[in-house]
1. For segment 54-71, enumerate the residues that are in contact (Cβ under 8 Å) with a residue 12 or more places away in the chain, touching a strand residue (DSSP E or B) at 6+ places or on another chain (Cβ under 9 Å) and not in a loop (DSSP other than H, G, I, E, B).
2. If you scan segment 42-53, which residues turn out to be part of a helix (DSSP H, G or I) and more than 11 Å from M86 (Cα to Cα)?
3. Only residues in segment 74-91 that are under 18 Å from K135 (Cα atoms) count as the first member; pair them with residues that are modelled with pLDDT under 95 and polar (S, T, N, Q), Cβ under 9 angstrom, at least 6 apart or cross-chain, and list the lot.
4. Is there a residue being over 19 Å from A2 (Cβ atoms), basic (K, R), at pLDDT below 80 and not in a helix (DSSP H, G or I) anywhere in segment 72-90?
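The values are calculated or read from the model by the stated rules, or taken from the named source; none is laboratory data. Since the model is a prediction, treat every value here as computed from it, not as a measurement. For neighbour counting, all protein chains shown are included, and Cβ atoms are generated from backbone atoms with ideal geometry for every residue, glycine included.
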Amino acid sequence: MARILALDYGTRRTGIAVTDELKLIASGLTTVETPSLIKFLEDYFQKENVERVLVGEPKQMDDTPSESEVHIQEFLKKFAEKFPEMPLERVDERFTSKMAFQTMIDSGLGKKKRRNKALVDEISATIILQSWLYK
């Protein structure tokens, strides 16, 4: 059985979440410095059976692409060159950062831990994955 991996791509850091092998539970995996992302994925794909990758698609409220889409498109080209056989899907990621921050508040994390942008990115990736799983 294979996992599904989700990415909340950012220019500095990328949050990563993954399902269990039965594809029932979405869990935060880690946050990786974006320049190291392709290498991280290469290593991860060698260790784990991944059947598809989901990449957040940032959109404005009027459905136009966000400013960061330019950077994501550059990553998608590199990804397709490095992993041509890996299916990739885009998932609307509007409000995931706000939802991630609210999740941190709801779970009782203190202010200092809520400032951890890497944790917000990881939780955002988990929300992207959950939205795809439960649609």
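1. L54, V55, G56, E57, K59, E69 - these are the residues of segment 54-71 that are in contact (Cβ under 8 Å) with a residue 12 or more places away in the chain, touching a strand residue (DSSP E or B) at 6+ places or on another chain (Cβ under 9 Å) and not in a loop (DSSP other than H, G, I, E, B).
2. Within segment 42-53, E42, D43, Y44, Q46, K47 meet the criteria.
3. Going by the 9 Å Cβ cut-off, the qualifying pairs are V91/S131.
4. No, the conditions are met nowhere in segment 72-90.
Yes/no matrix, rows are residues, columns are (1) at pLDDT below 95; (2) exposed (fewer than 13 other Cβ atoms within 10 Å of the Cβ); (3) not aliphatic (A, V, I, L, M):
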position: I4; (1), (2), (3): no, no, no
position: A17; (1), (2), (3): no, no, no
position: G28; (1), (2), (3): yes, no, yes
position: T34; (1), (2), (3): no, no, yes
position: I38; (1), (2), (3): no, no, no
position: D43; (1), (2), (3): no, yes, yes
position: N49; (1), (2), (3): no, yes, yes
position: V53; (1), (2), (3): no, no, no
position: D63; (1), (2), (3): yes, yes, yes
